[in-house]
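*Asks:* Here it is: the structure, laid out below.
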Amino acid sequence: MRFSVQLDNIGLLGEAINSDCNSVRFGSEFCEYKLTDLDRLERICESVHGKGKKFSYVTPRVSNKGIRKLRKHLKLLNGKENVDIVVNDLGVLNIMKHYQNLRPCLGRLLLRVPARSPYVGTIMSARELLARRWFKRLFSSINITYRLTMEFFQRNGVKSIDIDWIPSIFSCLDSLTGYGFEVSIHLHLVPVTFARRCHTARFLGEKNPEKCSKPCFENAFLLKNDALGLKSFLHGNAVFSHKRPTRKDIRKLQKMRDKIECVLSTNPITTSITNSEQKINDFIHSMGD
């Protein structure tokens with residue numbers, strides 16, 4: 001399998017580009033206020049390519065102002081080689097047709113995945129769930145696998161699709177790869193929800209999003225529901241659940257290793273795995289064994 005390291009904090013770039021990953025992703029999936037400036041973006045792209053790795057620019061859902069800024073970024077990157085754009089906004093996907101040298105990849109925010117709900121398994125007993133085939137089918141599905149939907153994204157140039165590490169939806173992989181899509185699977189962190197207004201900024205007293213000090217580069221918060229035994233993490237304007245890959249699930253993907261990319265995110269939640277080049281390498285090698 002191929003491995004990619006994803007980050008939105010340039011301070012972590014060195015660990016990523018010096019690791020044994022095949023490619024580096026830079027940018028935020030969720031927050032348009034993390035869009036970087038042109039000079040920094042160019043330096044990041046050149047640094048990644050200088051290490052012989054593919055570069056992917058991750059873009060969030062954006063406002064009209066954000067799209068205007070992204071147009072400049074796309075124009076810059078269109079002059080580079082071997083650059084993918086992870087798209088989480090249909091408006092951004094629409095303007096991608098003007099930048100023929102870039103390859104759009106469908107981001108997770110454009111997928112609807114019922115199994116992301118942290119309440120799956122807490123609503124009723126496991127025996128009751130197994131008895132309800134419709135329930136099992138629902139939580140093994142994603143919205144992208146319908147023929148007309150896949151054809152729509154193919155017409156718009158999408159070659160790759162991001163999905164979550166949720167083993168119950170891995171049955172959809174054959175449909176995606178059968179239509180010619182490559183698949184990138186995000187390890188560990190599954191987005192439960194996100195909002196335009198950032199709860200982290202609100203909690204920490206950040207008044208102006210345009211001038212936010214980006215506390216999420218350093219902090220994440222554990223959220224607990226003791227009544228249901230649920231734990232999740234608030235990071236920036238998104239809430240995540242944590243899914244640890246098991247050896248059994250990894251073995252299931254080995255047969256598709258040529259069509260699968262695993263994405264390892266580096267942020268305050270995953271710091272125990274990603275805070276050094278050696279830890280990134282150790283994890284990559286453990287997945288490949």
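*Asks:* Which condition number does G91 fail, the rest of (1) free of Cβ contacts under 8 Å to residues at least 12 places away in the same chain; (2) more than 20 Å from L12 (Cβ to Cβ) being met?
*Replies:* Unmet condition: (1).
*Asks:* Based on this model, can you work out whether L130 counts as surrounded by 14 or more Cβ atoms within 10 Å (Cβ to Cβ) and either under 24 Å from Q6 (Cβ atoms) or at pLDDT below 90 (or both)?
*Replies:* So L130 does not fit the description; no.
*Asks:* Just to check your reading of the model, which residue among S184, S175, S168, S213 is under 29 Å from L35 (Cβ atoms), of a type outside the set (D, E, K, R) and surrounded by fewer than 19 Cβ atoms within 10 Å (Cβ to Cβ)?
*Replies:* Just one listed residue meets the conditions, S213.
*Asks:* Another question about this same structure. I'd like to know if segment 259-277 contains one or more residues that are assigned to a strand (DSSP E or B) and modelled with pLDDT under 90.
*Replies:* There is at least one residue in segment 259-277 that is assigned to a strand (DSSP E or B) and modelled with pLDDT under 90.
*Asks:* So, in segment 214-258, exactly how many residues are part of a helix (DSSP H, G or I) and either at pLDDT 90 or above or aromatic (F, W, Y) (or both)?
*Replies:* Residues in segment 214-258 being part of a helix (DSSP H, G or I) and either at pLDDT 90 or above or aromatic (F, W, Y) (or both): 3 in total.
*Asks:* Turning to a different aspect of this structure: Name the pairs whose Cβ atoms lie under 6 Å apart, with the first residue in segment 100-111 and touching a residue at least 60 places away in the same chain (Cβ under 8 Å), the second among the basic types (K, R), and 6 or more positions between them or separate chains?
*Replies:* Matching pairs, first to second residue: L109/R61.
*Asks:* Collect the residues in segment 138-188 that are among the charged types (D, E, K, R) and either more than 22 Å from I250 (Cβ to Cβ) or not in a helix (DSSP H, G or I) (or both), keeping them in residue-number order.
*Replies:* R147, E151, R155, K159, D162, D164, E182 - these are the residues of segment 138-188 that are among the charged types (D, E, K, R) and either more than 22 Å from I250 (Cβ to Cβ) or not in a helix (DSSP H, G or I) (or both).
*Asks:* Quick check on segment 111-122. Is at least one of its residues part of a helix (DSSP H, G or I) and surrounded by fewer than 20 Cβ atoms within 10 Å (Cβ to Cβ)?
*Replies:* Yes; the residues of segment 111-122 include at least one that is part of a helix (DSSP H, G or I) and surrounded by fewer than 20 Cβ atoms within 10 Å (Cβ to Cβ).
The values are calculated or read from the model by the stated rules, or taken from the named source; none is laboratory data. These figures come from a predicted structure and were not determined experimentally. Cβ sites come from the backbone with ideal geometry, for glycine too, and all protein chains shown count toward neighbours.
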